[in-house]
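Presented below is the structure to which this report refers.
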């Protein structure tokens, strides 16, 4: 085990097994990432991706219906649609739109901000890349600059589709968008090859937050940006070049819940017991047995709490 890491190296194999089980294209049928598969042109894909991630609130059926309705209005090319749309046209088009607490005005304002960014930089990709420096540890500075750019288009007014990392938000949906656009595998279509996956931040939703806390990857109790960064750092010690690699798998494990989740947590817990025995057993003369019992008691309490997922 790496002494600097709270995660034994052999847990990587457990996470890889989870990745192979869940990270398949067919597993994304009921995930909003599926909308990105429609578009071969990265300019269309990035606009569709931002819309799909921004509306990733609520139950899956509601999300799929809302994203589908917006993209239907935009026709075969979201990029061409935005290019020809004025702010007043966007407000009129989506005047009756609503998704949970999100209003049509908020959607139109976000889209107008995207249009302005594309006019300035040529694409969303270029706009975000402009805020990223080679020595930035994560994409957070670029994400903050992106949010400020969009907010400027509607004079800084609050828009619940675009949370502000400066206020401590974990920005789950924006980080989800970045995961889709930067990574490339069976689920994430990619297209932004100039941004390193190593700089991405974990998209912290209810499921990944609870699971990662159960795994001991964060000390924080609230899903804030600070929590997301701590969890990302833990995964970076396992996969330095791809710290959000296991996001889709963990989120869908949380959605499945039940025996699959209980078994995964049990296996992870057993690895922790082994690590405790190895590092502490010889020093106290007990060979780690008291630590083992204490951990199993803690684990049983954790599993009881996770059944609510």
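The values are calculated or read from the model by the stated rules, or taken from the named source; none is laboratory data. Please read all numbers here as calculations on a predicted model, not as lab measurements. Cβ sites come from the backbone with ideal geometry, for glycine too, and all protein chains shown count toward neighbours.
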Open item on the list: Looking at segment 12-38 only, could you name the residues that are under 22 Å from residue 236 (Cβ atoms) and either over 16 Å from the mean Cα position of the chain (by Cα) or without any contact (Cβ under 8 Å) to a residue 24 or more places away in the chain (or both)?
Closed with: 12, 13, 14, 15, 16, 17, 18, 20
Task: All helices (runs of 4 or more DSSP H) inside segment 11-86 with 3 or more residues being more than 21 Å from residue 106 (Cα to Cα) - done: 11-22
Open item on the list: Being under 23 Å from residue 142 (Cα atoms), surrounded by 15 or more Cβ atoms within 10 Å (Cβ to Cβ) and touching a residue at least 40 places away in the same chain (Cβ under 8 Å) is the requirement here; does residue 180 meet it?
Closed with: yes
Task: residue 97 being exposed (fewer than 13 other Cβ atoms within 10 Å of the Cβ) and in contact (Cβ under 8 Å) with a residue 24 or more places away in the chain - done: no
TODO: Report yes if residue 68 is at pLDDT 95 or above, more than 21 Å from residue 253 (Cα to Cα), touching a helix residue (DSSP H, G or I) at 6+ places or on another chain (Cβ under 7 Å) and surrounded by fewer than 19 Cβ atoms within 10 Å (Cβ to Cβ), otherwise no.
DONE: no
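Taking residue 260 as the residue in question, decide whether it is surrounded by fewer than 22 Cβ atoms within 10 Å (Cβ to Cβ) and within 21 Å of residue 31 (Cα to Cα). Spell out the reasoning first.
Numbers: surrounded by fewer than 22 Cβ atoms within 10 Å (Cβ to Cβ): yes; within 21 Å of residue 31 (Cα to Cα): yes.
Considered against the rule, which asks whether it is surrounded by fewer than 22 Cβ atoms within 10 Å (Cβ to Cβ) and within 21 Å of residue 31 (Cα to Cα), residue 260 comes out as yes.
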